[in-house]
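The block underneath contains the structure these notes are about, expressed in structure tokens.
The values are calculated or read from the model by the stated rules, or taken from the named source; none is laboratory data. Since this is a predicted model, take the numbers as computed values, not measurements. A quick note on method: Cβ atoms are made from the backbone with ideal geometry, for glycine too, and the neighbour counts reach across all protein chains shown. These area figures cover heavy atoms from the full protein model, side chains too; ligands, DNA and RNA do not enter into them. Shrake-Rupley method; radii C 1.70, N 1.55, O 1.52, S 1.80 Å.
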Amino acid sequence: DSGVTQTPKHLITATGQRVTLRCSPRSGDLSVYWYQQSLDQGLQFLIQYYNGEERAKGNILERFSAQQFPDLHSELNLSSLELGDSALYFCASSFRGGSDIQYFGAGTRLSVL
Amino acid sequence: AQKVTQAQTEISVVEKEDVTLDCVYETRDTTYYLFWYKQPPSGELVFLIRRNSFDEQNEISGRYSWNFQKSTSSFNFTITASQVVDSAVYFCALSGLNKLVFGAGTILRVKS
């Protein structure tokens with residue numbers, strides 16, 4: 001068990017809908033990262049937050065947004081969902097950032113029908 | 001731009017065979033870190049090792065060993081005496097600016 005908690009484990013929704021994925025980092029970790037894993041794109045970095053502030057941005061669509069709250073948990077919001085958004089979404093956490101070891105949650109599997 | 005290449009898409013071995021997973025990376029950074037993660041069938045990503053660019057010593061942990069060669073930009077992973085429980089997807093990754101750049105992964109199937 002990595003200590004990173006992601007909910008829900010599975011999510012099934014329809015095109016055009018909006019969903020929220022939640023992540024609680026390991027105790028003591030200040031950074032949270034979001035990654036998307038799909039068959040065609042592989043594992044892609046989306047965004048990183050450190051102590052409530054956005055620190056790095058990857059290939060995140062404008063329809064997606066994230067935030068990190070004062071208690072350090074993070075949420076990834078996906079809106080106007082398309083079939084192609086179906087993927088496994090991972091949250092990871094580390095103490096600070098940079099080259100710290102990132103510990104991953106079990107992921108949220110999103111299916112857009 | 002940073003890039004990680006895992007040329008082996010899938011490898012099948014019989015239990016107790018040794019297997020090496022290849023990883024080649026590209027970066028312009030002089031200081032960087034390399035990682036290996038394991039994704040078993042259950043789906044989670046499990047951290048295996050982190051190595052910095054200044055440390056070219058090979059590392060051994062039980063049946064696992066890693067060979068880092070800066071001259072060839074490679075960070076290969078060997079499993080000795082493979083077991084069925086080693087069946088998983090293995091990812092090599094390179095540290096970027098506050099992110100990891102992953103290779104496409106190698107599926108390892110160990111048959112009994």
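Quick notes on this one:
- Probing with 1.4 Å while keeping every protein chain in the model, the per residue accessible area of the protein assembly as shown equals 49 Å².
- Prolate/oblate/rounded label for chain A (Cα gyration tensor, a/c 1.5): prolate
- Region B:6-112 - charge dipole about Cα centre, Lys and Arg +1 at Cβ, Asp and Glu -1, debye rounded to 20: 160
- Judged by the ratio a/c of the largest to the smallest principal axis of the C-alpha gyration tensor, region B:57-112 counts as oblate, that ratio being 1.5 or greater while a/b is no larger than b/c.
- Lys, Arg +1 and Asp, Glu -1 on Cβ, resulting dipole of the protein assembly as shown about Cα centre, debye, nearest 20: 140
- Remark: accessible area buried at the A-B interface is about 1500 Å², both chains counted, probe radius 1.4 Å.
- Residues of region A:34-55 buried by at least 10 Å² on assembly (accessible area, 1.4 Å probe, chain alone as reference): A:Tyr35, A:Gln37, A:Leu43, A:Phe45, A:Gln48, A:Arg55
- Contact with the other protein chains removes 20 Å² or more of accessible area, compared with the isolated chain and a 1.4 Å probe, from these residues of region B:78-112: B:Phe91, B:Asn98, B:Lys99, B:Leu100, B:Phe102.
- Contact order normalised by residue count of chain A, Cα under 8 Å, 6+ apart, percent: 37
- Here the dipole of region A:23-92 is about 140 debye; that uses its Cα centre as origin and unit charges on the Cβ of Lys and Arg (positive) and Asp and Glu (negative).
- Hz values of 3J(HN,Hα) by residue in region A:28-39 - Karplus curve (6.51, -1.76, 1.60), Gly and Pro given as x: x, 7, 9, 9, 10, 10, 10, 10, 10, 10, 10, 5
- Against the criterion of solvent-accessible heavy-atom surface with a 1.4 angstrom probe, B:Phe102, B:Phe47 sort, most first, into B:Phe47, B:Phe102.
- Using θ = phi - 60° in the Karplus curve 6.51 cos²θ - 1.76 cosθ + 1.60, the 3J(HN,Hα) couplings for region B:15-20 round to 3, 6, 6, 8, 9, 10 Hz; x is entered for Gly and Pro.
- Per-residue HN-Hα couplings for region A:107-113 [Karplus 6.51, -1.76, 1.60; θ = phi - 60°; Hz; x = Gly/Pro]: x, 10, 8, 9, 10, 9, 9
- Subset of B:Lys3/B:Lys111; A:Lys9/B:Lys38; A:Lys9/B:Lys16; B:Lys3/B:Lys99; B:Lys70/B:Lys111 violating a 23 Å alpha-carbon distance limit: B:Lys3/B:Lys111; A:Lys9/B:Lys16; B:Lys70/B:Lys111
- Proximity of backbone amide H atoms, modeled 1.01 Å from N, is registered between A:Gln17 and A:Leu81 at under 5 Å, excluding neighbours fewer than 5 places apart on the same chain.
- Percent accessible area from carbon and sulfur atoms, chain A, protein chains only, probe 1.4 Å: 47
- Inter-label distance, nm, simple model (7 Å from Cα along the C-beta direction), B:Ser61/A:Glu75: 3.5
- Residues in region B:33-67 occluded by at least 20 Å² - accessible area, probe radius 1.4 Å, against chain by itself: B:Tyr33, B:Phe35, B:Tyr37, B:Gln39, B:Gly43, B:Glu44, B:Leu45, B:Phe47, B:Arg50
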